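Single-structure report; data block below.
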Amino acid sequence: MDKNCEKSKKETKFSLFFKKMHKKFDYMMFPDDIKCLFCENDIPNFYEKPYCAECEKIIQVNDGHRCIICDTPIDDEAKVCDNCRKHVPNFKKAFCAFVYEGVVKNSVLSYKNDNKRYLAKGYAICLAKKLKDLKIDFITFIPLTKKKLKERSFNQSQLLATELGKILDVPVVDAFEKVKEEATAQKFLNFAERQKNIVGLYKLKKIDLNKNMNVLIVDDVMTTGATLSFCSGLLKNKVKNVYVSAVARTKLKIKLN
């Protein structure tokens, strides 16, 4: 046998062994299938419900009366919220697991700002239950700029999409590119300003699409839906349906103008 070939095989075996040991060490340090998403105490039935009985008492699951389009909670008997009536989004329907407040908000902020990547699997389990009856051809996600990705070290939406794809057995496609940051952070803007502020920040990559496809775009939090709607618009006329999904949904209090 050629010595270079034999050396290459040994290096491959060593590399695979190292990766395997790294995964085991990572799991020992961050066991992602025994911890509550919100208090991180041990729980016995993670794959059925990835949060404990105590946290279940205080979290707000997004399963009450809500907009049939953007999934935001609605206080009155309307089927569609004011925002969706006046500014129809480019996606067909949104699916969000929780309302973005209290321990849910704290958990999501820790996930993306404190590098708690192990929370992605639990979030994906909650979202998969919402999406189990939806036909999806591929999942994609909201991207970060290269600068932001370097600062954070991972894209929280991409990791969430990856975990969701594993559960639903659906491929994940890197469909979008974020070409620049917002001129003004979205959180400081009203609804109409957010819609304008997002224009031109994202573009669609060259990917295979057809008119029979159902696509799901994933993000961590949905506020006004401006980002998800804009990215949905990049796909809208190229596929059959665009759906969106997020771990948590804010209850809209933002003025329309």
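Every read-out reported here was derived from the displayed coordinates using simple, explicitly stated rules and does not represent laboratory data. It should be emphasised that the depicted structure is a prediction, and the values quoted were computed from it without experimental measurement. Note that we place each Cβ from the backbone using ideal geometry, even for glycine, and neighbour counts take in every protein chain shown.
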**Request:** Report, in debye and to the nearest 20, how large the dipole of region 91-213 comes out about its Cα centre when Lys and Arg carry +1 and Asp and Glu carry -1 on their Cβ.
**Result:** 120 debye
**Message:** Strictly over 28 Å apart at the Cα level, which of Lys35/Lys203; Lys112/Lys132; Lys121/Lys148; Lys86/Lys148; Lys121/Lys196; Lys206/Lys251 would you flag in this model?
**Reply:** Lys35/Lys203; Lys86/Lys148; Lys121/Lys196; Lys206/Lys251
**Prompt:** So what is the diffusion coefficient of region 64-249 in µm² per second by Stokes-Einstein at 25 °C and 0.890 mPa s, using a Kirkwood Rh over Cα pairs?
**Reply:** 147 µm²/s
**Spin-label pair Lys57/Asn115, simplified geometry with 7 Å Cα→Cβ offset, distance in nm** = 3.5 nm
**Complete:** Cβ density ranking, 10 Å radius, fewest first, applied to Cys81, Cys39, Cys96 yields Cys39, Cys81, Cys96
**Order of Glu40, Glu48 - criterion: other Cβ atoms within 10 Å of each residue's Cβ, fewest first** = Glu48, Glu40
